[in-house]
Amino acid sequence: MPDVALLWFRQDLRLADNPALSAIAGRPVLPVYVLEDGTHAPGGAARWWLHHSLVALSADLAARGAPLLILHGDPRRLIPDLAARIGAGEVHAGRQTEPEARQRDAAVHAALQEAGGRLVLHRSALLHEPHLVRTATGKPFSVFTPFARALFAALEDLPPPLPAPDRLIAAPGAPAGLEIAALRLLPRPPEPDWAVEFPTHWTPGEAGAAARLTAFLAEGLNAYAERRDRPAAPWGTSGLSPHLHLGEISPRQVWHAAQAQGGRGLEVFLKEVLWREFSHHLLWHHPTLPDQPLRPEFNAFPWTTDAAMLRAWQRGRTGYPIVDAGMRQLWRSGWMHNRVRMIVASFLVKHLLQPWQSGEAWFWDTLVDADLANNAASWQWVAGCGADAAPFFRVFNPVLQGEKFDPDGAYVRRWCPELARLPDRFVHRPHEAPAAVLGGAGVTLGRDYPAPIVDLAAGRARALAAFAAIKGGA
Ligand code: FAD
């Protein structure tokens, strides 16, 4: 009888192109998922997604003959105990870059080793190992363009994705696990069901991911370079981020499928996928990325903390339509378009002078694609304190950004329907509309839609003065 193996699913909730699964082909296997309660446990929206993703994975595994065991607790104890119980010498899993996950894996490996076993980690979530990509002088990258160049070269002979197995052999002796519902990942009363609209936007799970990729390749890839900054454009971007975050699809599947399809947008799209690799590379080499600025002078930045301002931003009630539309899209669908993420983040950090960590925390709780590396690296990028970051003094004007990237206001009208009847000219600046125009559109500022919570020129000047203070001190 071949050796029994434990297959530990974490952020690779798929059967196709799963190297850990392929490595144990032909052996009796016990697939297991362990919900952990760590500092960076998934936020609310990501928990909703995880629930549905586990339901899909569980059905797929059961159909192939090896049901998924669900546990909740500390894998440092649970995984070695489980391996001992079913007589598995090897535990196979996909490698993770998050600092806590790396420490946990080291502890699990050590515990397994004591019993003569081992934890075998496979490249699964990324195209390339973050610790193996190095500059010519052997250092980690801190600038995206040379990183992307090095990766494009390294990926020239990227092997094709692995097929999903038709059948699996269930290892005997599996203990009883939990029902997925017992993990309590979904919103529960008395909490309002804030996820009510999510299913109209998303189909979590491997099949949903594959369907989205197929649709994006058909509808979006060719025009990606022109449309990716248009938040109202259908299929302007792929919407694959939550699927990629939980590994319902591998970046290798995306990479190969996009290359096979080809077209005008290909290179720009692949480059965007490499931003994800870059963020994970940064997190690997800077484990404090989620909490501390990469540029140490920003530790002295004179942020203000204003709960009312933060709340207005969170609720999409700032009086700046592109910001409010983005924050409402986030709340209602669990996702926000990348261009708008940059605008709302810049607005919070610069015009409202709130610490980037408050925005990062809100995104962590409300994004279905909340990803420690991408979220932290992106917030630091916008705040000017990250690797290869936009300079702090480059302050996005939300009105001009709205007019540039949502010229007919279609995005604003969709998410801020109270502004739907404003003419294009004022849809991004309702506070400048004459009373007759507002009246004609049925908008009373301060009643139907907020007046601006900050004056843009004053907010910008305050941000630049704050920045000058740390530059002076640097
Ligand atoms: P596409 O344009 O179709 O790109 C394809 C894939 O490439 C994405 O699914 C994503 O995995 C990757 N990608 C694209 N742009 C980026 C980028 N700038 N950084 C890293 N990866 C990228 N992305 C997350 O996945 N999780 C987060 O928590 C997250 N937080 C963010 C916070 C802020 C403040 C900002 C500005 C950006 C954040 N991003 C985050 C990056 C980016 O906005 C999303 O990855 C993108 O909007 C996802 O949409 P898409 O799948 O349609 O992207």
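Numbers for the structure displayed
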| quantity | calculated |
| --- | --- |
| Members of the stretch 27-52 found to be more than 18 Å from Arg184 (Cβ to Cβ) and modelled with pLDDT of 95 or more, listed by number | Arg27, Pro28, Val29, Leu30, Pro31, Val32 |
| Number of positions in the stretch 301-327 that are of a type in the set (S, T, N, Q) and within 15 Å of Thr366 (Cα to Cα) | 1 |
| Test: residue in the stretch 383-404 that is outside any helix (DSSP H, G or I), free of Cβ contacts under 8 Å to residues at least 24 places away in the same chain and surrounded by 22 or more Cβ atoms within 10 Å (Cβ to Cβ) | no |
| Those helices (runs of 4 or more DSSP H) lying entirely in the stretch 168-275 with at least 2 residues away from the ligand (no atom under 12 Å from the Cβ) | 198-201, 206-219, 251-261 |
| Hits in the stretch 413-451 - residues which are in contact with a Pro (Cβ under 9 Å, 6 or more places away or on another chain), buried (at least 16 other Cβ atoms within 10 Å of the Cβ) and not in a helix (DSSP H, G or I) | Cys416, Leu422, His428, Arg429, Ala433, Ala441, Val443, Tyr449 |
| Residue pairs meeting the criteria (Cβ under 9 Å; at least 6 apart or on separate chains; first farther than 15 Å from His337 by Cα, in the stretch 266-278; second polar (S, T, N, Q) and more than 7 Å from the ligand (Cβ to nearest atom)) | Leu266/Asn222; Leu266/Gln259; Leu270/Gln259 |
| Sole residue being more than 22 Å from Gln11 (Cα to Cα) and hydroxyl-bearing (Ser, Thr, Tyr), chosen from Thr200, Thr214 | Thr200 |
| Checking Arg76 against (1) of a type outside the set (Val, Ile, Thr); (2) touching a Pro at 6+ places or on another chain (Cβ under 9 Å); (3) more than 23 Å from Glu206 (Cα to Cα), the condition it does not meet | (2) |
| Conditions (1) without any contact (Cβ under 8 Å) to a residue 40 or more places away in the chain; (2) in contact with a Gly (Cβ under 9 Å, 6 or more places away or on another chain); (3) closer than 28 Å to His286 by Cβ; number of the one not met by Leu112 | (3) |
| Unmet requirement for Ser378, which otherwise passes all of (1) touching a residue at least 24 places away in the same chain (Cβ under 8 Å); (2) surrounded by fewer than 16 Cβ atoms within 10 Å (Cβ to Cβ); (3) of a type in the set (Ser, Thr, Tyr) | (2) |
| Of all residues in the stretch 269-311 being of a type in the set (Ser, Thr, Tyr) and within 21 Å of Phe144 (Cα to Cα), the one that is surrounded by the most Cβ atoms within 10 Å (Cβ to Cβ) | Ser279 |
| Residues of the stretch 146-164 classified as surrounded by 11 or more Cβ atoms within 10 Å (Cβ to Cβ), more than 13 Å from Leu270 (Cα to Cα) and out of contact with any helix residue (DSSP H, G or I) (no Cβ under 9 Å at 6 or more places or on another chain), total | 3 |
| Helices (runs of 4 or more DSSP H) fully within the stretch 302-380 counting 1 or more residues that are farther than 22 Å from Phe269 by Cβ, in contact with a helix residue (DSSP H, G or I) (Cβ under 7 Å, 6 or more places away or on another chain) and among the acidic types (Asp, Glu) | 356-366 |
| Residue pairs meeting the criteria (Cβ under 6 Å; at least 6 apart or on separate chains; first aromatic (Phe, Trp, Tyr), in the stretch 337-360; second within 12 Å of the ligand (Cβ to nearest atom)) | Trp356/Val349; Trp356/Trp379; Trp356/Ala383 |
| Residues satisfying the stated conditions in the stretch 38-62, i.e. under 19 Å from Pro175 (Cα atoms) and either free of Cβ contacts under 8 Å to residues at least 40 places away in the same chain or basic (Lys, Arg) (or both) | Ala59, Ala62 |
| Some residue of the stretch 313-326 being within 11 Å of the ligand (Cβ to nearest atom) and within 22 Å of Trp415 (Cβ to Cβ) | yes |
| Matching option when the condition is over 30 Å from Pro80 (Cα atoms), among the aliphatic types (A, V, I, L, M) and in contact (Cβ under 8 Å) with a residue 60 or more places away in the chain, among Ala211, Ala195, Ala153, Ala170 | Ala195 |
| Selection within the stretch 165-186 - crowded, with 17+ Cβ neighbours inside 10 Å and under 27 Å from the mean Cα position of the chain (by Cα) | Ile180, Leu183, Leu185 |
| Which numbered condition Thr288 misses (of (1) under 30 Å from Phe392 (Cβ atoms); (2) among the β-branched types (Val, Ile, Thr); (3) within 11 Å of the ligand (Cβ to nearest atom)) | (3) |
| Residue identified as in contact (Cβ under 8 Å) with a residue 40 or more places away in the chain and under 30 Å from Thr135 (Cα atoms) among Pro287, Pro296, Pro302, Pro321 | Pro287 |
| Qualifying residue in the stretch 405-412 (condition: more than 16 Å from the ligand (Cβ to nearest atom) and either crowded, with 18+ Cβ neighbours inside 10 Å or at positive phi (or both)) | yes |
| Residues of the stretch 366-383 satisfying the condition of being under 8 Å from the mean Cα position of the chain (by Cα) and within 6 Å of the ligand (Cβ to nearest atom) | Leu367, Asp369, Ala370, Asp371, Asn374, Asn375 |
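The values are calculated or read from the model by the stated rules, or taken from the named source; none is laboratory data. No experiment lies behind these values; they were computed from the predicted model shown. Glycine gets a Cβ as well: all are built from the backbone with ideal geometry, and neighbour counts include every protein chain shown.
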